[in-house]
1. When you scan region 32-57, how many residues do you find that are assigned to a helix (DSSP H, G or I), hydroxyl-bearing (Ser, Thr, Tyr) and under 22 Å from residue 108 (Cα atoms)?
2. List pairs: first in region 133-153 and in contact (Cβ under 8 Å) with a residue 40 or more places away in the chain, second assigned to a strand (DSSP E or B) and among the aromatic types (Phe, Trp, Tyr), Cβ under 6 Å, 6+ apart or cross-chain?
3. More than 20 Å from residue 23 (Cα to Cα), at pLDDT below 90 and either in contact with a helix residue (DSSP H, G or I) (Cβ under 8 Å, 6 or more places away or on another chain) or not hydrophobic (A, V, I, L, M, F, W, C) (or both), is that true of residue 174?
4. For region 93-113, which residues satisfy the criterion of being touching a helix residue (DSSP H, G or I) at 6+ places or on another chain (Cβ under 8 Å) and aliphatic (A, V, I, L, M)?
5. I need a count of the residues in region 88-98 that are assigned to a loop (DSSP other than H, G, I, E, B) and either of a type in the set (A, V, I, L, M) or more than 13 Å from residue 46 (Cα to Cα) (or both).
6. Taking the residues in region 57-75 that are closer than 17 Å to residue 118 by Cα and in contact (Cβ under 8 Å) with a residue 40 or more places away in the chain as candidates, determine which candidate is surrounded by the most Cβ atoms within 10 Å (Cβ to Cβ).
7. Can you tell me which residues in region 181-203 are surrounded by 12 or more Cβ atoms within 10 Å (Cβ to Cβ) and either at positive phi or at pLDDT below 65 (or both)?
Amino acid sequence: MDLEDYGQPANFLASQVWPSARVAAIAMEQQLSAKALSSMTVCEFGCGPGLPSLTAAKLGAQNVVATDLDPLALELVQKASEEQGFQHVLQTQRFDLTGDVLDDNKNRLPEADLYLLSDVFESKQVALGAARVTCQILHKSQNARIWVFAQSDRACREDYLEAMRKQHQDKEGSRLEWLPMDQHDIRQQSTSKLLLFDLDETTVAYG
């Protein structure tokens, strides 16, 4: 797919597959069965080119919602879903993590069973917005789970963590911490609604 076909300069953030997105895709492959996914709606925030969203569709998710603020990112994901035959499963939606969450279509929070955030900590503003949206999901839904993936060198992820510890009223709030994927036994943590995945980008395989 050539970005020049879209008649606009490529947005590096919108077109780059970051290591955390690869780990998010791997986590779904390793930790979620096809049977579990077949009844789930998966929502990805800040999808960029949408590797986790496309992976969820490929693995058999009932519905997938890929969201981003950048229209180019949404175009890329939509085109990829059509090329791979996922257009009936995957939809895209513009969503601003830093904006107010509204009930109308301007910035509506999608309903989902699993929410994914991978490397959305490029600024403190986005990190704090992501924390606010995370808390809204936790307070709104009894069953939804949220998986957050971030590289160890992303300083603004600590802004997210601090905000979550202050805002999240659940008893687990004070114990939130970034852990490598091999320390998250997701099958045994079905009651944990929020998991924070730490990763070292130098160890992420691209093969």
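The values are calculated or read from the model by the stated rules, or taken from the named source; none is laboratory data. For clarity, every value in this text was computed on a predicted model and none was experimentally measured. Glycine also receives a Cβ, built like all others from the backbone with ideal geometry; neighbour counts cover every protein chain displayed.
1. Qualifying residue count, region 32-57: 1.
2. 146/115; 149/197
3. yes
4. The answer is 97, 101, 109.
5. 3
6. In this case the residue turns out to be 68.
7. 189
One line per residue, one yes/no per condition, for (1) of a type in the set (Phe, Trp, Tyr); (2) closer than 17 Å to residue 24 by Cβ; (3) assigned to a loop (DSSP other than H, G, I, E, B); (4) in contact with a Cys (Cβ under 7 Å, 6 or more places away or on another chain):
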{"position": "112", "(1), (2), (3), (4)": "no, yes, yes, yes"}
{"position": "115", "(1), (2), (3), (4)": "yes, yes, no, yes"}
{"position": "128", "(1), (2), (3), (4)": "no, no, no, no"}
{"position": "135", "(1), (2), (3), (4)": "no, no, no, no"}
{"position": "138", "(1), (2), (3), (4)": "no, no, no, no"}
{"position": "146", "(1), (2), (3), (4)": "no, yes, no, no"}
{"position": "155", "(1), (2), (3), (4)": "no, no, yes, no"}
{"position": "160", "(1), (2), (3), (4)": "yes, yes, no, no"}
